[in-house]
Amino acid sequence: MAATERMVLDAQGVERALARVTHEILERNKGVANLVFIGVRSLGVEIAERLAAKAATIEGVEVPRGVIDITLYRDDLSRAGQQPAVKGTDIPFPIDDRQVVLVDDVLYTGRTVRASLDALFDQGRPARVQLLVLIDRGWRELPVEARYIGRTVQTSASEIIEVKFQEIDGMEKVLLVERVD
């Protein structure tokens, strides 16, 4: 099966999108007081790290960040024929009454966000949860909406979004890939 691909964001585009949403977060939350970033494993973690670094540069204060693993909260575990690989949640601070920015790479059906919220609320009761995604590709199955979006991309059912980060993939870009038989 061959695939065609189209560049959605290059390295500079990713950087600009993350810089813009960082400023939006700081403006909407009036700074970083009581703010935490929690990345959804796996690429949401990298994005949360970058956002926290940008916010720290702007505000001069470190923003706490954590990692949420949704493996055991997925609604398709009974359909998956293999044992899930749990890598663990790491939130080294209380989230009660905090302003949580939940971070993921691509928003699609909304099922990952639902699982993330279940996992998050097992950790405590935040004052507010705001969703940030690098790419919103549409096709929702659940009533989920991101507050912060790096880029909205219209996709077809046969297309997927691939996010590549330098630290993980040796390249920095976001691709729209269409499967062709």
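The values are calculated or read from the model by the stated rules, or taken from the named source; none is laboratory data. Because the structure is a prediction, the values reported are computed rather than measured. Every residue, glycine as well, gets a Cβ built from its backbone with ideal geometry; the counts of neighbours run over all protein chains shown.
If I ask for residues that are in a helix (DSSP H, G or I) and farther than 24 Å from Gln123 by Cβ, which ones from region 27-60 would you list? Spell out how you get there, then give the answer.
Kept after step one, since they are in a helix (DSSP H, G or I), are these residues of region 27-60: 27-28, 43-59.
Result: Glu27, Lys54, Thr57, Ile58, Glu59.
Take the residues of region 161-181 that are at pLDDT below 95 and assigned to a strand (DSSP E or B): which is nearest to Ala17 (Cα to Cα)?
So, considering only residues that are at pLDDT below 95 and assigned to a strand (DSSP E or B), the one nearest to Ala17 (Cα to Cα) is Glu178.
So which pairs qualify, if the first residue must be in region 5-26 and farther than 28 Å from Ser158 by Cβ, the second must be part of a helix (DSSP H, G or I) and among the hydrophobic types (A, V, I, L, M, F, W, C), the Cβ gap must be under 6 Å, and the two must be at least 6 apart or on different chains?
If the second residue must be part of a helix (DSSP H, G or I) and among the hydrophobic types (A, V, I, L, M, F, W, C), the pairs left are Thr22/Leu51; Thr22/Ala55.
Take Ala146 and decide whether it is of a type in the set (Gly, Ala, Ser), outside any strand (DSSP E or B) and closer than 19 Å to Arg41 by Cα.
Details: of a type in the set (Gly, Ala, Ser): yes; outside any strand (DSSP E or B): yes; closer than 19 Å to Arg41 by Cα: yes.
Considered against the rule, which asks whether it is of a type in the set (Gly, Ala, Ser), outside any strand (DSSP E or B) and closer than 19 Å to Arg41 by Cα, Ala146 comes out as yes.
Kindly list, by first and then second residue, each pair from a residue in region 32-48 that is surrounded by fewer than 23 Cβ atoms within 10 Å (Cβ to Cβ) to a residue that is charged (D, E, K, R) and not in a loop (DSSP other than H, G, I, E, B), limited to pairs with Cβ atoms under 6 Å and residues at least 6 apart or on different chains.
Qualifying pairs under 6 Å: Val32/Glu59; Leu43/Asp105.
Condition first: assigned to a helix (DSSP H, G or I) and of a type outside the set (A, V, I, L, M). Can you find one or more residues in region 102-110 that meet it? Explain how you work it out, then say what you get.
Looking only at region 102-110, we keep the residues that are assigned to a helix (DSSP H, G or I), and these are none.
No, there is no match, as no residue in region 102-110 is assigned to a helix (DSSP H, G or I) and of a type outside the set (A, V, I, L, M).
Under the condition of being closer than 23 Å to Glu24 by Cβ and not basic (Lys, Arg), which residue from region 147-158 is surrounded by the fewest Cβ atoms within 10 Å (Cβ to Cβ)?
Taking region 147-158 and keeping what is closer than 23 Å to Glu24 by Cβ, we get 147-154.
Subset that is not basic (Lys, Arg): 148-150, 152-154.
Numbers: Tyr148: 21, Ile149: 19, Gly150: 26, Thr152: 12, Val153: 18, Gln154: 10.
For region 147-158, the residue satisfying everything is Gln154.
For the condition at pLDDT 90 or above, touching a helix residue (DSSP H, G or I) at 6+ places or on another chain (Cβ under 8 Å) and among the small types (Gly, Ala, Ser), what is the one hit in Gly39, Gly88, Gly44? Quick ask: steps written out before the conclusion?
Details: Gly88 fails: touching a helix residue (DSSP H, G or I) at 6+ places or on another chain (Cβ under 8 Å); Gly44 fails: touching a helix residue (DSSP H, G or I) at 6+ places or on another chain (Cβ under 8 Å).
Result of the check over Gly39, Gly88, Gly44: Gly39.
Checking the conditions here, which among Val100, Val144 is surrounded by 20 or more Cβ atoms within 10 Å (Cβ to Cβ), farther than 19 Å from Arg6 by Cβ and in contact with a Lys or Arg (Cβ under 8 Å, 6 or more places away or on another chain)?
After applying the criteria, what remains is Val100.
Taking region 139-165 as the region of interest, how many residues are over 20 Å from Leu117 (Cβ atoms) and without any contact (Cβ under 8 Å) to a residue 40 or more places away in the chain?
Here is the first cut: in region 139-165, the ones over 20 Å from Leu117 (Cβ atoms) are 150-165.
Adding the requirement that they be without any contact (Cβ under 8 Å) to a residue 40 or more places away in the chain leaves 152, 154-160, 164.
So the count comes out to 9.
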